[in-house]
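> Please find one structure pasted underneath; my questions will follow.
The values are calculated or read from the model by the stated rules, or taken from the named source; none is laboratory data. Predicted, not measured: the structure shown is a model, and the values here were computed from it. As a convention, Cβ positions derive from the backbone with ideal geometry for all residues, glycine included, and neighbour counts pool all protein chains shown. Note: areas computed on protein heavy atoms with side chains; ligands, DNA, RNA excluded. Shrake-Rupley method; radii C 1.70, N 1.55, O 1.52, S 1.80 Å.
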Amino acid sequence: MPSIKMKFFDTMENKMQKITGPMARFSNLKVVQAIVNGLMGTMPIILSGAFFMILYVLGSPSIGTSGKALIPFLTPLASNFYG
Amino acid sequence: MNTLTLSFMSLYASFTMATYYGASLDLDKLSSGTIGIATFLVFTLGGLDKSGGIEITAFSSNGLFVAIITSIFSVRVLWIFKKYNIGIKMPASVPPAIGKSFSALLPVLASIIVAWFIRSICNFDLVTFLNTVCQPFVSSSENIWTAMLVVFITLLLWSCGLHGDGIFLGLFTPFGLQWLDQNAKLVAKGVSSTQLPHVLAGLGNTGLIRMTVWTAAVWPLVIFMLISKNKFLKKLGVTAGIPAIFTIVEPVIYGLPIALNPYLIIPFVFSGTISTGVGYLLMSSPWMGKFFVAIPWATPQFLLGPLGTGDIKTILIVIISFVIGLLCYLPFWPIYVKSLEKKAE
């Protein structure tokens with residue numbers, strides 16, 4: 001059994017090495033590099049925004065069907081977190 | 001806070017993408033960034049509205065595709081002007097900061113005029129145009145194949161290193177909201193949440209697809225990283241795992257990376273697509289609740305179902321999606337770890 005498993009892994013690995021070349025060429029295009037790096041550059045802003053989004057999710061009473069917030073003391077600030 | 005950061009994503013991205021593109025073409029970084037942001041604004045806004053405000057839909061991830069086009073176009077304009085040496089030249093005695101901004105004057109003018117001509121004179125709005133192009137494709141067919149195709153294309157974009165949610169999935173937000181609204185109206189009339197007509201309600205930002213895709217395509221990887229013996233993978237698993245619970249998947253996709261990683265792309269694309277298909281079948285069955293409340297996208301998946309549908313049984317979809325994801329990644333993960341070890345040697 002293990003030998004069959006190893007064979008399967010090896011053929012898979014060889015097949016994958018074949019796509020690596022064209023893929024690397026595509027990713028090294030200046031345009032693609034610029035888009036990927038540029039989107040990475042907005043990451044700090046997005047993650048800090050997401051942090052406030054999480055606080056909004058925890059504090060807003062309008063989320064869900066119960067009409068109660070998950071963490072009630074955050075409720076007065078909820079609209080500020082979102083806005 | 002959230003609107004000014006997340007919903008202004010395209011605005012920030014049009015600056016950063018233009019800066020990086022300009023740097024790779026040996027242009028002045030600051031000029032590239034400013035020309036990118038200026039062209040994006042002119043191309044999307046077309047002026048102020050009557051009360052003096054601006055329309056911000058294009059700044060959100062809906063406009064990301066447009067931001068990519070405008071920043072690449074404008075930096076290319078800058079590059080053409082530099083190549084053919086067109087521009088206002090200042091004598092050498094002028095400080096470089098002033099000289100640079102003067103040499104960027106003509107390209108900025110040219111780029112802005114082109115954008116203004118298309119947007120304001122021809123009155124062509126690319127963001128709305130893309131939405132209307134997708135309209136017949138989506139609104140006519142809310143079925144399992146649409147759901148799977150949308151997820152497939154989105155994940156394919158992610159695996160090329162592009163922000164799939166922003167570029168493609170975001171285009172469907174108007175339809176998702178419309179369906180959500182129709183569902184909500186029916187609930188208000190007293191229809192039970194299991195009998196609602198729209199299974200894909202909330203497509204784009206929330207709803208069924210958010211419950212299935214990242215559960216299947218990212219969570220198994222986090223678990224694998226956490227139990228891995230490799231130190232780098234373990235550390236990444238801890239740091240990327242916490243945002244991943246809140247469906248913020250960029251750290252895993254760009255950090256591991258999944259993007260342009262030949263070993264993981266195949267399970268990444270297929271796990272999400274298959275789990276969406278299975279999730280759709282489950283949710284369309286008459287004993288499962290459908291979405292009628294708009295839930296912000298950063299809600300953890302296991303809360304998304306009960307909160308958005310009022311039906312605790314929807315957690316089943318999340319569990320099944322996770323198992324599908326695990327099964328998809330199982331044959332591929334050891335090969336990837338092995339290739340990492342080989343690289344380390």
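> Only one residue in B:Val213, B:Val199 is under 16 Å from B:Leu149 (Cα atoms), open to solvent by less than 40 Å² (accessible area, probe 1.4 Å) and not in a helix (DSSP H, G or I). Which one?
B:Val199
> Ok, one more. Sort out which residues of segment B:277-299 are within 13 Å of chain A (Cβ to nearest Cβ) and open to solvent by 10 Å² or more (accessible area, probe 1.4 Å), and write them in order of number.
Those that are within 13 Å of chain A (Cβ to nearest Cβ) and open to solvent by 10 Å² or more (accessible area, probe 1.4 Å): B:Phe292, B:Val293, B:Ala294, B:Pro296, B:Trp297.
> Now for a different question. List, please: which pairs have Cβ atoms under 8 Å, are six or more places apart or on different chains, and start with a residue in segment B:119-132 that is on the phi > 0 side of the Ramachandran plot and end with one that is surrounded by 13 or more Cβ atoms within 10 Å (Cβ to Cβ)?
Sorted first by the residue in segment B:119-132, then by its partner, the pairs are B:Asn123/B:Gly46.
> Filter segment B:216-250 down to the residues that are part of a helix (DSSP H, G or I) and under 20 Å from A:Val32 (Cβ atoms) and list them by number.
Across segment B:216-250, the qualifying residue is only B:Glu250.
> Kindly state which helices (runs of 4 or more DSSP H) lie completely within segment B:1-63 and contain at least 3 residues that are out of contact with any helix residue (DSSP H, G or I) (no Cβ under 8 Å at 6 or more places or on another chain) and in the same structural domain as B:Gly164 (by TED's automatic domain parsing).
Helices (runs of 4 or more DSSP H) meeting the threshold: none at all.
> Same structure again: Take segment B:311-340 and flag every residue that is within 12 Å of chain A (Cβ to nearest Cβ), open to solvent by 50 Å² or more (accessible area, probe 1.4 Å) and closer than 18 Å to B:Phe291 by Cα.
B:Ile312 - this is the single residue of segment B:311-340 that is within 12 Å of chain A (Cβ to nearest Cβ), open to solvent by 50 Å² or more (accessible area, probe 1.4 Å) and closer than 18 Å to B:Phe291 by Cα.
> Answer yes if at least one residue in segment B:267-276 is open to solvent by 10 Å² or more (accessible area, probe 1.4 Å), at the interface with chain A (Cβ under 10 Å from one of its Cβ atoms) and more than 20 Å from B:Glu142 (Cα to Cα), and no otherwise.
no
> Check B:Val42, B:Val75, B:Val94 and return the single one that is at pLDDT 90 or above and farther than 30 Å from B:Asn205 by Cα.
Of B:Val42, B:Val75, B:Val94, the one residue that is at pLDDT 90 or above and farther than 30 Å from B:Asn205 by Cα is B:Val75.
> Another question, then. Look at segment B:175-195 and say how many of its residues are under 18 Å from B:Asp311 (Cβ atoms) and in contact (Cβ under 8 Å) with a residue 40 or more places away in the chain.
So the answer is 8.
> Considering B:Gly190, B:Gly255, B:Gly241, B:Gly237, which residue is among the small types (Gly, Ala, Ser), under 17 Å from B:Ala298 (Cβ atoms) and assigned by TED's automatic domain parsing to the domain that holds B:Ala147?
B:Gly241
> What do you reckon, is B:Leu41 open to solvent by 50 Å² or more (accessible area, probe 1.4 Å) and closer than 18 Å to B:Ala104 by Cβ?
Criteria met by B:Leu41.
> Determine which single condition B:Pro107 fails, assuming it passes every other condition in (1) over 29 Å from B:Ile80 (Cα atoms); (2) in contact (Cβ under 8 Å) with a residue 60 or more places away in the chain; (3) open to solvent by less than 40 Å² (accessible area, probe 1.4 Å).
B:Pro107 satisfies every listed condition except (1).
> For segment B:8-38, what are the residues that are touching a residue at least 40 places away in the same chain (Cβ under 8 Å), under 26 Å from B:Trp158 (Cα atoms) and crowded, with 24+ Cβ neighbours inside 10 Å?
B:Met9, B:Ser10, B:Ala13, B:Ser14, B:Met17, B:Ala18, B:Tyr21, B:Gly22, B:Ser32
> Looking only at segment B:234-254, filter to residues that are open to solvent by 30 Å² or more (accessible area, probe 1.4 Å), touching a residue at least 12 places away in the same chain (Cβ under 8 Å) and within 12 Å of another protein chain (Cβ to nearest Cβ); which one of those is nearest to A:Ala24 (Cα to Cα)?
B:Tyr254
> Count, please, the residues in segment B:258-286 that happen to be within 18 Å of the chain's Cα centre (by Cα) and either not assigned by TED's automatic domain parsing to the domain that holds B:Tyr329 or not β-branched (Val, Ile, Thr) (or both).
Counting residues in segment B:258-286 that are within 18 Å of the chain's Cα centre (by Cα) and either not assigned by TED's automatic domain parsing to the domain that holds B:Tyr329 or not β-branched (Val, Ile, Thr) (or both) gives 4.
> In addition: Please indicate, with yes or no, whether at least one residue in segment A:46-59 is surrounded by 12 or more Cβ atoms within 10 Å (Cβ to Cβ), outside any helix (DSSP H, G or I), at pLDDT 70 or above and more than 7 Å from every other protein chain (Cβ to nearest Cβ).
no
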